[in-house]
Every structure is written in structure tokens, then in C-alpha cells.
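S.K.: Structure provided below as C-alpha cells; questions to follow.
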Amino acid sequence: MQNDLSHHRKSYQKRKLLEKDVHANPIQQFQLWFSEASNLKSIEETNAMTLSTVGSDGFPRSRVVLLKQYSQDGFVFYTNYNSEKGKSILRNPKVCLSFFWQDLERQVIIKGTAQKTSEEISEAYFQSRQEGSKLGAIVSSQSEVIASREELESALENLEKKYKNKTIPRPEYWGGIVVKPTVIEFWQGRPNRLHDRIQYTLQNDLQWKIERLAP
């Protein structure tokens, strides 16, 4: 069976991105775009981003995770370090993040190096989570094969009883990952597929080089 999608077309024409309008620092540019996306009610999770890693089998793998913090130091999300993505990052820390804000016809693509955040950062975020999320982080052997949904729910029920009215400890295998960017591309859809692509590349002197890429 073949499904022809060639008729799925859209003309991008809402905004433009010119060199004279961008910040010299890409984090400031990201902050501007993130704020604009957050202010649109039609975008429910502005902080949803695609994380791409390379596994032990040599294949790339992408999944959506949630950005929880960003600064000049990098982009932070949280995960089980024993998960497929956690192990992939520890084995090969070169990763890619991408945001797609459809209603603004924009993408941000970030290449960088990932590493664990400090224990203090991981602990502070874990303790800020709701109780159910804390227990979920403990009960799930993320990415491992399990027998059934019932097995997972039974384990959660047991943990709820165990930690009732008690402080829930952060497991040592769960915490933050910060992606320190080396290349950040801002993509703005334009008519006739002549999209605007402005790329920032980190130089040896820690300054950012700004270039336009062909669409």
C-alpha cells in the first residue's frame, strides 16, 4: 500500500528573520522566540522539544522531552540516567535538540554536548515535583521491558503506601541533563520555500559567529 502525501502543502508567510533584527547572543534570541511562543494560547507546551541521541546500535533516536530551564549555561531537562536516552548520552554526549512552533512557522535546532547537572540542581527540581511524579520516577525502570501495565500500577500502589506522609527520596539514577550548545539555528518559514535560516556557531574565543544558511 502506498500513501501519496505530495498534495500536503502549506505556504509559510507569517514572519521573517533578518540579520539586522537578531540578537548578538543566541540565548537572548531564543528567549525572545520562546516568549512569543509562550504567549500564544494555541501552543500548549512551548517547552516541548525533540531530543536526538545515538544509541549503542549506531542508530539515531528521537523523542520529545520537556525543557525545564535554560540560561547561558545551557538547556536543562530531567530523565532516568538508566533509560535508553540516559545511557546513550553517557556513551555519546553529542546531541541535538529541536523546537517546532507551528503557529509561528518557526524551528530552533540546537547541537551541543550533554552532561549531568549537579546533584543540588537535580535534588531541588525533584523535590519541587508533585508526589505522583516523584513516585513515578522511582517505580519506572525506564526503557526496560515489563510484563504488563498491571505490574507497573501495582508497584506504584505499593510505593504510595510505603511513602504515605513521608519524604520521597530522589533516586540516584534520576536527575538533570544540561545541553551546552555549540550551534544554534533559528528557522523561520517563508514563501516559496525560501526560508530564513540564521545560524550561530560558538567560536574558540567563546564568541558567537552569525551566518545565514541557504534554505
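All of the numbers you see were taken from the coordinates with simple rules; none came from a lab. The structure displayed is predicted, hence computed values, not measured ones. With ideal geometry, Cβ positions are generated from the backbone for all residues, glycine too; neighbour counts draw on all protein chains shown.
S.K.: Just the number, please: Stokes-Einstein D of region 42-94 in µm²/s, Kirkwood Rh from C-alpha pairs, 25 °C, 0.890 mPa s. Display every interim value, and only then the final one.
M.R.: On the way: Rh = 12.1 Å.
After rounding, the answer is 202 µm²/s.
S.K.: Just want the ordering: His23, His8, from fewest to most Cβ atoms lying within 10 Å of their own Cβ.
M.R.: Working: His23 14, His8 6.
Lowest count first: His8, His23.
S.K.: Only four residue types carry charge here, +1 at the Cβ of Lys and Arg and -1 at the Cβ of Asp and Glu. Report the dipole size of the chain about the Cα centre in Debye, rounded to the nearest 20. It would help to have the intermediate numbers written out before the result.
M.R.: Details: 31 positive and 26 negative charges, 101 e Å.
For this selection, approximately 480 debye.
S.K.: Given the rule -39500 (n - 2.57) for each run of at least 4 DSSP H residues, summed and divided by the residues of the chain, what is its mean residue ellipticity at 222 nm, to the nearest 500 deg cm²/dmol?
M.R.: -7500 deg cm²/dmol
S.K.: Follow-up. From the backbone phi of region 64-69, what are the Karplus-calculated ³J(HN,Hα) couplings (6.51 cos²θ - 1.76 cosθ + 1.60, θ = phi - 60°) in whole Hz, Gly and Pro given as x?
M.R.: So the J values, rounded to whole Hz, are 8, 10, 10, 5, 10, 6.
S.K.: Relative contact order (percent) for the chain, with alpha-carbon contacts under 8 angstrom and 6 or more residues of separation? Working shown, then result.
M.R.: On the way: 352 pairs, mean separation 53.5, N = 215.
The normalised contact order for the chain reaches 25 percent.
S.K.: Quick one: among Ala37, Ala48, Ala124, which has the greatest mean-square fluctuation in a GNM of the chain with alpha-carbon springs under 10 angstrom?
M.R.: Ala124
S.K.: At 10 °C and a viscosity of 1.306 mPa s, what translational diffusion coefficient does Stokes-Einstein give for region 171-215, taking Rh as the Kirkwood radius over Cα pairs? Give it in µm²/s as a whole number. Mind dumping the intermediate values first?
M.R.: Values: Rh = 12.9 Å.
Value of D from the Cα-based Kirkwood radius: 123 µm²/s.
S.K.: So what are the ³J(HN,Hα) numbers for region 37-46, from phi and the Karplus equation (6.51, -1.76, 1.60; θ = phi - 60°), rounded to whole Hz, Gly and Pro as x?
M.R.: With the stated coefficients, region 37-46 comes to 5, 5, 7, 8, 5, 6, 9, 7, 10, 4 Hz.
S.K.: Mind pulling the angle between the C-alpha long axis of helix 119-128 and the longest principal axis of the chain? Nearest 10 degrees, somewhere in 0 to 90.
M.R.: Computed tilt is about 80 degrees.
S.K.: Assign one of three labels to region 1-97, namely rounded, prolate or oblate, based on the Cα gyration tensor with a ≥ b ≥ c the square roots of its eigenvalues; rounded applies when a/c is under 1.5, prolate when it is not and a/b is larger than b/c, and oblate otherwise. Please report the intermediate quantities before stating the final value.
M.R.: Values: a/c = 1.98, a/b = 1.17, b/c = 1.69.
Cα axes put region 1-97 in the oblate bin.
S.K.: Here's something else I'd like to know. Please give me the summed charge of the neighbours of Thr46: other residues whose Cβ is under 13 Å from its Cβ, Lys and Arg +1, Asp and Glu -1. Present the calculation step by step, with values, prior to reporting the outcome.
M.R.: Numbers: positive: Lys41, Lys68, Arg106; negative: Glu36, Glu44, Glu45, Asp103.
Net charge around Thr46: -1.
S.K.: Please name whichever of Asn92, Tyr200, Pro169 sits farthest to the positive end of the charge dipole of the chain, dipole taken about the Cα centre and charges placed at Cβ: Lys and Arg +1, Asp and Glu -1.
M.R.: Farthest along the dipole direction, towards plus: Tyr200.
S.K.: Here is a follow-up. Compute the signed sum of charges (Lys and Arg +1, Asp and Glu -1) over the other residues within less than 13 Å, Cβ to Cβ, of Leu206.
M.R.: Details: positive: Lys180, Lys209; negative: Asp73, Asp205.
Charge balance in the 13 Å sphere: 0.
S.K.: Could you pull out every residue, at least 5 positions away or on a different chain, whose amide H is within less than 5 Å of the one on Lys94? Hs are placed 1.01 Å off N in the peptide plane, and Pro or chain starts have none.
M.R.: Hits under the 5 Å cutoff: Ala114.
S.K.: Right, next: Please report, in cubic angstrom per residue, the volume enclosed by the convex hull of the alpha-carbon atoms of region 121-215.
M.R.: Here the figure is 201 Å³ per residue.
S.K.: Can you tell me the orientation of helix 149-162 relative to the chain, as the angle in degrees between its alpha-carbon axis and the longest Cα principal axis, to the nearest 10?
M.R.: Helix 149-162 sits at roughly 60 degrees to that axis.
S.K.: Between beta-carbons, use under 14 Å as the cut-off and find the net charge around Pro60, counting Lys and Arg +1, Asp and Glu -1.
M.R.: Net charge around Pro60: +4.
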